[in-house]
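The structure appears below as structure tokens.
Each reported figure results from applying straightforward, stated rules to the coordinates on display, with no laboratory input. Since this is a predicted model, take the numbers as computed values, not measurements. Glycine also receives a Cβ, built like all others from the backbone with ideal geometry; neighbour counts cover every protein chain displayed.
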Amino acid sequence: MTSLNRAGLQVLLYWLAVAFLIASAVPRVWATEVRLSEIDRNLGELAPYIQNYPPQFADVDQRKEIEERLRVLLRLLDKLNDQNPNEPQLLLRKGMAYGMAHNLDQPRAAETAIAAFDRAVSLTPEDRYLLYRYGGFLSGTTLFSRAVPILQQSVSLGEPRAHYPLGFDYFKLGDPKKAVEELRAYLEFDPTDESAKKAIQQMESGKLKVKMVQP
């Protein structure tokens, strides 16, 4: 196991133990804020491998390491969600983590992610980042058409990053012109994104192929 993954797993195991004890010892809001920072760090470290489909691993051993880290993270998020069922920031991260599990073909991960996202949206319907993440997850699945209104709402609330997955959704819906418009809008936010530039070129030339994972 690499030093990075070993360290990350140790931190996750620590916070999993803390999750069972801390709720009765300190104010719940403070405890949640502390744990969110660790969850965010681990989500960020896992993202390069399993945020998108298909996941990217150097070898079988690396896949096993990442899968183990994710399992621990999901256990932590499930426990925290049980303790804080109406905390939208926890639900957001639970949706993101189970979205990663879905990219690893874990059974019922998509349903769990969607349920977490839906609950979070019901609590904070104008959270533009939440909508961006929810729509981004749906965009990578065969449910991509459901992502369009969610991402449109995110854009209307001021989230420019939502243009990126929205562009691919329009492309999959058979509207490459609208798809290019959305990606160009995204490039106004991040003009250095080479993947968006490449996608525009491939869309305009008819060479783009998009991979999706079955929900």
| ³J(HN,Hα), Karplus 6.51/-1.76/1.60, whole Hz, each residue of the range 52-59, x for Gly, Pro | 10, 10, x, x, 10, 10, 6, 6
| request: Determine the principal axes of the Cα atoms in the range 125-215, then give the extent along each, sorted from largest to smallest and rounded to whole angstroms. | output: 38, 31, 18
| field | Computed lengthening from L36 to E181, 0.36 nm per intervening residue step minus Cα-Cα distance | value | 48.7 nm
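If packing is taken as the average number of other Cβ atoms within 10 Å across a peptide's residues, how do 170-181, 50-61 rank, most packed first?
With the highest mean Cβ count within 10 Å placed first, the list reads 170-181, 50-61.
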| note | Amide H contacts under 5 Å for T141, restricted to residues at least 5 apart in sequence or on another chain and with H modeled in the peptide plane, are V213
| field | Average silhouette area of the range 131-174, convex hull of alpha-carbon atoms, in square nanometres | value | 2.4
| message | Using DSSP to call loops (not H, G, I, E or B), can you name the GluC sites (Glu not before Pro) in the range 40-145 whose Cβ has at most 14 other Cβ atoms within 10 angstrom? | response | E126
| request: Subtract the Cα-Cα distance of N52 and Q106 from 0.36 nm times their separation in residues, and report this length gain in nm to one decimal. | output: 18.0 nm
| request: Would you please name the trypsin sites (Lys or Arg not before Pro) within the range 66-126 that are DSSP coil residues with at most 15 other C-beta atoms within 10 Å of their C-beta? | output: R108
